[in-house]
1. Kindly put Phe17, Phe38, Phe61 in sequence by how many other C-beta atoms sit within 10 Å of each C-beta, fewest to most.
2. How would you classify segment 3-91 from its alpha-carbon gyration tensor, with a ≥ b ≥ c the square roots of the eigenvalues: rounded for a/c under 1.5, else prolate if a/b is greater than b/c, otherwise oblate?
3. Helix-only estimate, please: 222 nm mean residue ellipticity of the chain, summing -39500 (n - 2.57) across DSSP H runs of length 4 or more and dividing by its residues, to the nearest 500.
4. Once R0 is set to 25 Å, what does the formula 1/(1 + (r/R0)^6) return for the Cβ-Cβ distance between Glu18 and Asp48, expressed as a FRET efficiency to the nearest 0.05?
Amino acid sequence: MPVDERRNTAVMFSLGFETPYLTPGSINDRPGSLMDLFPTMLAVIGLDGADATAGLGVSLFSNQQTLLEEKGLERLDLELFPNPDLANAIWN
């Protein structure tokens, strides 16, 4: 499957608490990466607002651009993977 057609799925349930970000059947189809999942979860559980950030990630409920939206997949890969210090800072 071509990279631009790949989709990662994250399923979140409110489990009885109210959150403005999760409504039954809602889908957030913004381009993002796993870096954006942690700040998105912080917003969902109420530990931060819609504009939550963590490291290089931003909440997918935010109006801020994700790195993937800002740079595109090809440029983001070119910037992250040839730089072992940056890659280690992100993934380790």
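All of the numbers you see were taken from the coordinates with simple rules; none came from a lab. Model, not experiment: these values are computed from the prediction. A quick note on method: Cβ atoms are made from the backbone with ideal geometry, for glycine too, and the neighbour counts reach across all protein chains shown.
1. Phe17, Phe38, Phe61
2. It comes out prolate by the Cα gyration axes.
3. Working: 4 runs with 29 residues, N = 92.
For the chain, the value works out to -8000 deg cm²/dmol.
4. Details: r = 16 Å, r/R0 = 0.64.
According to the calculation, E is roughly 0.95.
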